[in-house]
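Reviewing the structure listed below.
The values are calculated or read from the model by the stated rules, or taken from the named source; none is laboratory data. All of these numbers come straight from a predicted model, not from anything done at the bench. Ideal geometry is used to build each Cβ from the backbone, glycine not excepted, and the neighbour counts take in all protein chains shown. Accessible surface areas use protein heavy atoms only, side chains included; no ligands, DNA or RNA. Shrake-Rupley method; radii C 1.70, N 1.55, O 1.52, S 1.80 Å.
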Amino acid sequence: MGKDKLKRFAEVSTFSNVLQLDAGKQFKGKWNIGFFKNTNPVVLELACGKGEYTINLAIWFPDKNFIGIDYKGNRIWRGAKTALEESVNNVGFLRIQIESLLDYFAPGEVDEIWITFPDPQPQVSREKKRLTSPRFLDKYKLILKPGGFINLKTDNDGLHAYTGEKIAETNLNLHIKTEDLYNSEYVDEVLSIKTYYETKYLKENKNINYLKFSFD
């Protein structure tokens, strides 16, 4: 591991807006009151990377609490540091494996989930690792409040198609589906928030897919 990564890992452990591994379990069922010290809704960004989407959503919606979740501490470092520097106080970061969500969030505790440019895990043998596979959808269903939305933005046509298939197979409610977000009627200021990777993909003239769906 390089010196910069080691420095970031050391620094991120001192950030007041970051919880790592078991430290986050104490807030299960009480993230708004216990961590954010308010009663506002809780929104998750899964595989948040550097946290660009998490932070910008928090700026757009100061009346909601946002938690960026990723396992890579050196990535979380960037988002957490930016949030502290810019005094974006309705943002937190949780360094955990996404597989363990149910250890950290109670049934119906989460209002909305964003999944922005996750690893598409294209190999058939890695289907269970896709963040929109039935394995993960079952977890989201438990922690989402009734009517809570899931949003997927991806440059990967395969993951987009796969997720659409799972929505249909499990009779979920599909609210928005587009294979070309920026040339669609759905794009707005929130959907125009761009991560580091999305900016890179757009420069390569890749189309951006978007899905919005719910369990009821």
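Within the range 106-127, list the residues whose amide N lies under 13 Å from a label point set 7 Å along Cα→Cβ of Lys206.
In the range 106-127, the label zone of Lys206 (backbone N under 13 Å from the point 7 Å along Cα→Cβ) covers 116-122.
How much area per residue is accessible in the chain when the probe is 1.4 Å and only protein heavy atoms are counted (Å²)?
Each residue of the chain exposes 49 Å² on average to a 1.4 Å probe.
Amide H of Val91: which non-local residues (sequence gap of 5 or more, or other chain) have their own amide H closer than 5 Å, using H built in the peptide plane?
Phe66
State to the nearest 20 debye the size of the charge dipole of the chain about its Cα centre, where the only charges are +1 on K and R beta carbons and -1 on D and E beta carbons.
So the dipole magnitude of the chain works out to roughly 860 debye.
If amide H atoms are built 1.01 Å from N in the plane of the peptide, which residues on other chains or at least 5 residues away come under 5 Å of the amide H of Ala106?
Gly29
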